[in-house]
Amino acid sequence: MDDHLFTYTLYALCLSVPLTLFIFKRYRLNKEAQEVWHDTLASGLTEPPTLHPLFDPELCFGSGSCVKACPENAIGLIDGKAMLINPASCIGHGACATACPVGAIKLVIGTESRGVDIPQLKPNFETNVPGIFIAGELGGMGLIRKAVEQGRQAIDFIIKRSRNGAHHDVVIVGAGPAGISASLAAKNHNLRFVTIEQEDTLGGSTLHYPRGKIVMTSPMNLPIIGKIKVNEINKEMLKILWEDIVNKAGIKLNFSERLEKIVQRDDEFSIVTSRATYLTRSVLLCIGRRGTPRKLEVPGEELDKVVYRLADPEQYKGKHVLVVGGGDSALESALAIAESTDATITLSYRGNAFNRVKIKNRERIAKAQETGRVSVILESKVVEICHVTALLDQKGTAIAIPNDAVIVCAGGILPTQLLEETGIHVETHHGKAI
Ligand SMILES: Cc1cc2nc3c(=O)[nH]c(=O)nc-3n(C[C@H](O)[C@H](O)[C@H](O)COP(=O)(O)OP(=O)(O)OC[C@H]3O[C@@H](n4cnc5c(N)ncnc54)[C@H](O)[C@@H]3O)c2cc1C
């Protein structure tokens, strides 16, 4: 009997150690997830931007597989159930849905309270306007690999429309992953094409990732170049990779040229850009979902010192920099310059507080303000940008500050307007599975 008791006690002890560790780990994960969710609620960033997981609480038994699978740390376990604790960072990888052992996750676009506009596309990527095609994230699928695939495939359909007549077979708009891949395919098929990009460099959304971000992707098959075996790569190396690809293939991209209007002329299109007008048989929109940076519309904005994205903080060493905006990208730009240079930084925002930003950014900017690294001027707007100064207005008081550079982070004008003006049908998705 004593022997049995000893054996049972031994078994119980052996089981209790992993069980205690498991319970402790669960407790810790729950606590961490609660903290992140609390910050999310406080910052108001509760809506996922695009494709995201929808969890079925009846089926979810809290295996945590989705938490482990998410490379963006967007999912957590609260009270034993998975949920999107950091929706703003979800980019729709879908790795969570694949990892779930009980099929408790479906991928959807939009939420009950926030609709996401997706253009209606045929299987050949053509919109309801014959000759206008869409590839990449604008069509609803947000991943580099998907964008690359779609850019290439769309050109395969566009070839069928090419005919003598118009000066171009296709105008490709955007030089993100979809536009790069489409341009390679167009060159590969000897199409007469032009690619325009509103920014001064290529890469699209990948340019805007946080510094050093590890990009998760999978091997890509690029026309002319062939298979590129890449799974994890940091943002900076990815930029070099895009540049190498374009140089190797010898394709020309027209930078700093923005699409402004598409005018249909019989079965051809006039593409009006900020620099030229092109006559083409087809248009391929690879413009993503970020839109076009919103301008301040003030005198002096055309000066070269005004930019809409922080590229390299180091370039502002010793300068007087004005950052305009009150969102995360404005705060992160001001902080990045403050941390890596001795620049004099002013942050101008029209609101009276930084409400819709990550708590961490709010705390960091308050600290930078306290230590004098960043001067924050709330309830102010830029009135004029001059060569060596910038003029602000704060509730009727004029403020002139020395200025060498302006970084405008005032959000973007979404592509929906352009699509609607062109007659492309868009559908608003409120949590529709795709
Ligand atoms: C923070 C973040 C992290 C991400 N991480 C990953 C990741 O790890 N792995 C992954 O696979 N995906 C990731 N993604 C998603 C991925 O970046 C996008 O799905 C992909 O870049 C979409 O490619 P695209 O070519 O369709 O559009 P985009 O990359 O958005 O490119 C669109 C291009 O069109 C240009 N454009 C727009 N309007 C005009 C106009 N009117 N005239 C001229 N040019 C115009 C833009 O300037 C831009 O260069 C992430 C996204 C974000 C925001």
Cα-based helix-to-principal-axis angle, 235-249 vs the chain, degrees rounded to 10 = 40
Just by accessible area at a 1.4 angstrom probe, what is the order of ASP117, ASP200 from largest to smallest?
-> ASP200, ASP117
So for the pair ALA12, LYS360, with labels modelled 7 Å out along Cα→Cβ, what separation do we get in nm?
-> 4.5
Note, LYS381: beta-carbon cut-off 14 Å, +1 each Lys/Arg, -1 each Asp/Glu, net -1
What would the Debye formula give as log10 I(q)/I(0) at q = 0.14, 0.15, 0.19, 0.21 Å⁻¹ for the alpha-carbon point model of the stretch 1-126, no solvent?
-> -0.69, -0.76, -1.05, -1.19
Two-decimal Rg to Rh for the stretch 4-53 - Kirkwood Rh, Cα set | 1.39
Return the tail of the calculated pair distribution for the stretch 128-232, meaning the percent of Cα-Cα pairs more than 22 Å apart.
-> 30
How far, in nm, would the chain grow between ARG28 and SER113 when pulled straight, counting 0.36 nm per residue and subtracting the alpha carbon separation?
-> 27.5 nm
With the convex hull built on the alpha-carbon atoms of the stretch 286-434, volume per residue in Å³ sits at 160
How far is helix 2-43 tilted, in degrees, relative to the longest principal axis of the Cα atoms in the chain, given as a value from 0 to 90 rounded to the nearest 10?
-> 30
Order these peptides, 65-77, 18-30, 97-109, by their mean beta-carbon neighbour count within 10 angstrom, highest first.
-> 65-77, 97-109, 18-30
Within straight-line cross-link reach of LYS395, aspartates and glutamates at Cα separation under 20 Å, skipping those fewer than 8 residues along the same chain | GLU297, GLU379, GLU384
Of ARG294, ARG281, ARG163, which is the most mobile in a GNM of the chain whose springs link Cα atoms less than 10 angstrom apart?
-> ARG163
For the stretch 135-187, inverting the pair-averaged 1/r of distinct alpha-carbon atoms gives a Kirkwood value in Å of 11.2
In Å, the Kirkwood hydrodynamic radius of the chain over pairs of distinct alpha carbons?
-> 24.2
One computes Rg over Rh for the stretch 303-371 from alpha-carbon atoms, with the Kirkwood Rh, and obtains 0.94
Mind jotting down the distance between the C-alpha centroids of the stretch 9-65 and the stretch 109-143, whole Å?
-> 34
Kirkwood hydrodynamic radius for the stretch 183-267: how many Å is it when counted over pairs of different Cα atoms?
-> 14.7
Given 0.36 nm per residue, what is the gain on full extension from ARG350 to LYS381 after removing their alpha carbon distance, in nm?
-> 10.6 nm
Among TRP37, TRP242, what's the order by accessible area (1.4 angstrom probe), most exposed first?
-> TRP37, TRP242
In nanometres, what is the gap between the two model label sites at VAL272 and VAL388, each 7 Å from Cα along Cα-to-Cβ?
-> 4.0
How about LYS81: which aspartates and glutamates have a C-alpha closer than 17 Å to its C-alpha, ignoring those fewer than 8 places off in the same chain?
-> GLU32, GLU35, ASP56, GLU58
In nm, to one decimal, how far is the modelled label at HIS38 from the one at GLU58, with both set 7 Å along Cα→Cβ?
-> 3.3
List the lysines whose Cα lies under 26 Å from the Cα of LYS213, skipping any in the same chain that are fewer than 8 positions away.
-> LYS31, LYS68, LYS146, LYS227, LYS229, LYS235, LYS239, LYS248, LYS317, LYS358, LYS360, LYS367
Given the options GLU137, GLU314, GLU257, state which has the largest fluctuation in a GNM of the chain using a 10 Å cut-off (strictly under) for Cα springs.
-> GLU314
Highest-fluctuation residue, TYR11, TYR349, TYR316 considered, GNM on the chain with Cα pairs under 10 Å | TYR11
Chain lengthening between GLU301 and LEU21 when straightened (0.36 nm per residue, less Cα-Cα) | 94.9 nm
With DNA, RNA and ligands ignored, accessible area of ARG161 (1.4 Å probe; Å², nearest 10) = 40
Report, in degrees rounded to the nearest 10, the 0 to 90 angle that the Cα long axis of helix 144-158 makes with the longest principal axis of the chain.
-> 40
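The values are calculated or read from the model by the stated rules, or taken from the named source; none is laboratory data. These numbers were taken from a predicted model, which means no experiment stands behind them. As a convention, Cβ positions derive from the backbone with ideal geometry for all residues, glycine included, and neighbour counts pool all protein chains shown. Just so you know, the surface numbers come from the protein's heavy atoms only, side chains and all, with ligands and any DNA or RNA stripped out. Shrake-Rupley method; radii C 1.70, N 1.55, O 1.52, S 1.80 Å.
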